[in-house]
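See structure below.
The values are calculated or read from the model by the stated rules, or taken from the named source; none is laboratory data. Quick caveat, the model's predicted, so the values are computed rather than measured. Please note: Cβ atoms are built from the backbone with ideal geometry, for glycine as well, and neighbour counts cover all protein chains shown. To get the accessible areas, we keep the full protein, side chains included, count just its heavy atoms, and leave off ligands, DNA and RNA. Shrake-Rupley method; radii C 1.70, N 1.55, O 1.52, S 1.80 Å.
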Amino acid sequence: MAKPPGKAKGTRRRAGLPSKQEIAAFLETAEGKSGKREIARAFNIKGNDKIALKALLKEMAEEGSVVRGRRKIRRAGQLPSVTVIEVAGHDSDGELYGLPVDWDEGGEGTPPRILIAHDGPRHERVGAAGAGDRLLCRLEALAEDHDGYRYLAKPIKKLAREQARLLGIFREGDRGGTILPVDRKQLREWRVEQGDSGAAVDGELVRFDVARRGRSGLPVARVVERLGNPADERKISLIAIAAHGIPDVFPARVLEEVERLPRLAEKGREDLTRMPLVTIDPVDARDHDDAVFAEPDNDPRNSGGFVIVVAIADVAFYVRPGSALDREALKRGNSVYFPDRVVPMLPERISNDLCSLREKEVRPCLAVRMIFDDGGRKRSHRFMRATMRSAAKLAYVEAQAAIDGRPNDKTGPLLESVLQPLWAAYAALSKARDARGPLDLDLPERKILVGADGRVERIFTPERLAAHRLIEEFMIQANVAAAETLEQKRTPLLYRVHDEPSREKLEGLRTFLATLELSLAKGQVLRPEQFNRILAETRGLDVADLVSEVVLRSQSQAVYDPANLGHFGLNLQRYAHFTSPIRRYADLVVHRALIRALGLGEGGLEDHEIERLEEVATEISQAERRAMAAERETADRLIAAHLAGKIGASFPARVSGVTKSGLFIRLDETGADGFIPISTLGSEFFHFDEGGRALVGERSGESFRLGDRIEARLVEAVPSAGALRFEMMSAPVRRAAGGRQGRRPLGKRGLRRGKGRR
């Protein structure tokens, strides 16, 4: 005879086991764990009566009135108060929704759609969540049907992505199939059980989730989305978009809101339409959010000085805090640029029309007028909300050619009145820049030109022109002015901060520099000029690129933060992004802060935004890293596809990374990254010298080191993974003091292949 149960959750004490209705009522109101142990404790069931309880619960599970999980039991058709959901996407109203992760375990049919709250206390919000992300949420059952939603989820935290969103190539098999992942870090295959292929066909690119099933707990894959033929180069950027959960479709609610945006109100704005501001951008730029103007200062007290005006598109006039458009922009964080497409932060109606500073068309802007002396030192500045009309849309190469004596029909009439004053002002700013001494790492970036058919036509490194540096320096000065104004007005803002290198990275750099008989001083305030001195010492030597590479890797990553930590790389005490609100959410926040601080009208920063600044900084910093990773992976995949037809060809390259397992290399012509396994390096064993960034031959002492110029032969190209494998065609190097080196000539038969030390 069972002992009478105790009271729990209002259950009346009686003899025997609780009824099925009482257990169901308990599960409906229970918080936290609700397994057999919790039920027994709630009803004071002990001893042999627990066996009877187990049998009763099994019976209820077979009837379908409860669902039994690994450590919990819940009422059928009901979700626990705290659970994990997977973000499914946005509905037609632009609202984020998800599905329960563990719904399948009960076999209860279609899982309920869960509306994800986007407001609430700070600890209940999760930033930059996208399709495929998994969120730990607190659920509230909705009293009645709300557009098909039965629950409202308030996120507690976003779980590590891990295997929540993997990409792979599906291979059909007799009992389901397998998936080969496109992620180069995943060196394994995943089994797909029958019924979990999602109707994918052999060789198709798919998105899949991984779960552990059965008593063995072996991981299996479940296809959740088909993405098409991975060999189609036009799909390559879609791989990165899907893999990183980058939102690339604007919800209908956002697009409808864009169509209802107000017309430009010129009242209360300063009129800059007669000022010959010009935009200078890449040839293929589709949006233009900054324009510049310069002229000599006519103030006799500032002889040789200049007035510079930087005008930026007034995005804040159209994108208001709390709107669906604003929420979508924050979720995206920034525009993402691929060789074949752009995933914009804002709809084209804004980025390419209303806020694009088109030639000869009136546009709203937020402008700063800055006065500099003849040495490039800023004397004063003033922000204004204005209207402007771009005098000309120019490309970098076009403006530079005019200055270099090759004007065309457009730049010729502007040369004396517009372009030459811009270059004269830049010459003054350059003096102050050189005196300030920012980190002098002007590294080139590769550009991939994609044709109309989606295939790579050319990979090249654009020339760095004075026109590029001019615009960069003007934008830097405008960004500094924005940070200074907001500090003076005591208005919160988002700084762009770049901390100095960590102690660990500095020690690694010192160890490496010692192998070249170079030193980085200890025990003093670290400044960029110390790195610049090392770069200058090695300029012109065969180790110059090597030193630049290692110095670059020693630097911290720039982020957004409401606290001012300064910008180490630019050697500036305060810095904020102000100049690109079309493509960066941080700049939009700074615009709103300036509007609020200076009383410039509608669209200013609101109190609830100020409360969220720290959270917003984290979200957009994560979105920026997400975009950088997606852009890099897409470039790698496109280049691998481009080189796939050149197996067996040799390429000049440079060692760009050294690990225990081999060498990473970068091809000179295309900038493609590849790998040479240590086992293919030569006829002797090689060991890893971490301090020297080298693989050193055990017998000869000769080595391959970071920065070495080599010749490598392409052995394998895997476009879907962006992976290139090479074979070393150059001999290792004899090292001498100070970085001098002598390369041993190859024999007639080249290097013999042998096993290396892993």
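Can we say Ala627 is over 20 Å from Val718 (Cα atoms), in a helix (DSSP H, G or I), of a type in the set (A, V, I, L, M) and open to solvent by less than 60 Å² (accessible area, probe 1.4 Å)? Please lay out each step first, then the result.
Working: over 20 Å from Val718 (Cα atoms): yes; in a helix (DSSP H, G or I): yes; of a type in the set (A, V, I, L, M): yes; open to solvent by less than 60 Å² (accessible area, probe 1.4 Å): yes.
Spelling it out, Ala627 is indeed over 20 Å from Val718 (Cα atoms), in a helix (DSSP H, G or I), of a type in the set (A, V, I, L, M) and open to solvent by less than 60 Å² (accessible area, probe 1.4 Å).
Give the residue, chosen from Gly120, Gly130, that is at pLDDT 65 or above and either assigned to a loop (DSSP other than H, G, I, E, B) or surrounded by fewer than 12 Cβ atoms within 10 Å (Cβ to Cβ) (or both). Don't jump to the end; show me each part of the working.
Values: Gly120 fails: at pLDDT 65 or above.
Answer to the check: Gly130.
Just one of the numbered conditions (1) touching a residue at least 40 places away in the same chain (Cβ under 8 Å); (2) under 31 Å from the mean Cα position of the chain (by Cα); (3) within 27 Å of Ala391 (Cα to Cα) is not true of Val254: (3). Restricted to segment 494-539, and to residues there that are part of a loop (DSSP other than H, G, I, E, B) and of a type in the set (Gly, Ala, Ser), the residue that is surrounded by the fewest Cβ atoms within 10 Å (Cβ to Cβ) is Gly523.
Within segment 321-328, identify whether any single residue is in a strand (DSSP E or B), touching a residue at least 24 places away in the same chain (Cβ under 8 Å) and open to solvent by less than 10 Å² (accessible area, probe 1.4 Å), and answer yes or no. No: segment 321-328 contains no residue that is in a strand (DSSP E or B), touching a residue at least 24 places away in the same chain (Cβ under 8 Å) and open to solvent by less than 10 Å² (accessible area, probe 1.4 Å). Among the residues of segment 630-676, write down those that are open to solvent by 50 Å² or more (accessible area, probe 1.4 Å) and more than 22 Å from Arg553 (Cβ to Cβ). Answer for segment 630-676, where residues must be open to solvent by 50 Å² or more (accessible area, probe 1.4 Å) and more than 22 Å from Arg553 (Cβ to Cβ): His642, Gly645, Lys646, Ile647, Ser650, Pro652, Glu669.
From the list Glu529, Glu517, the lone residue that is farther than 30 Å from Pro581 by Cβ and modelled with pLDDT under 85 is Glu517.
Restricting attention to segment 706-758, and to residues there that are aliphatic (A, V, I, L, M) and part of a loop (DSSP other than H, G, I, E, B), which single residue is modelled with the highest pLDDT?
Met729
Within segment 248-274, the set of residues being within 22 Å of Asp93 (Cβ to Cβ) and modelled with pLDDT under 90 comprises Asp248, Val249, Pro251, Ala252, Arg253, Pro262. Summed over segment 275-300, the residues that are over 27 Å from Arg377 (Cα atoms) and surrounded by fewer than 20 Cβ atoms within 10 Å (Cβ to Cβ) give a count of 5. Among the residues of segment 691-712, the ones that are open to solvent by 20 Å² or more (accessible area, probe 1.4 Å), touching a residue at least 60 places away in the same chain (Cβ under 8 Å) and at positive phi come to 1 in all.
The test for being crowded, with 19+ Cβ neighbours inside 10 Å and not polar (S, T, N, Q) holds for Val368.
What do you reckon, is Arg382 of a type in the set (D, E, K, R) and in contact (Cβ under 8 Å) with a residue 24 or more places away in the chain?
Details: of a type in the set (D, E, K, R): yes; in contact (Cβ under 8 Å) with a residue 24 or more places away in the chain: no.
Answer is no for this residue.
Check segment 386-398 and report whether any residue there is open to solvent by less than 40 Å² (accessible area, probe 1.4 Å), under 28 Å from Leu572 (Cα atoms) and not in a strand (DSSP E or B). Among the residues of segment 386-398, at least one is open to solvent by less than 40 Å² (accessible area, probe 1.4 Å), under 28 Å from Leu572 (Cα atoms) and not in a strand (DSSP E or B), which makes the answer yes.
Within segment 237-252, the residues that satisfy the criterion of being open to solvent by 20 Å² or more (accessible area, probe 1.4 Å) and outside any loop (DSSP other than H, G, I, E, B) are Leu238, Ala243, Ala252.
Go through segment 630-665 residue by residue and tally those that are part of a strand (DSSP E or B), among the basic types (Lys, Arg) and modelled with pLDDT of 90 or more. First the steps, then the outcome.
Taking segment 630-665 first, the residues part of a strand (DSSP E or B) are 650-659, 662-665.
Those left that are additionally among the basic types (Lys, Arg): 654.
Subset that is modelled with pLDDT of 90 or more: none.
Selection size over segment 630-665: 0.
A search for C-beta distances below 7 Å between a residue of segment 512-524 that is among the acidic types (Asp, Glu) and any residue that is open to solvent by 30 Å² or more (accessible area, probe 1.4 Å) and modelled with pLDDT under 80, counting only pairs 6+ apart in sequence or on different chains, returns Glu517/Ala737.
Residues in segment 428-449 that are loosely packed, with under 14 Cβ neighbours inside 10 Å and over 32 Å from the mean Cα position of the chain (by Cα): Ala435 only.
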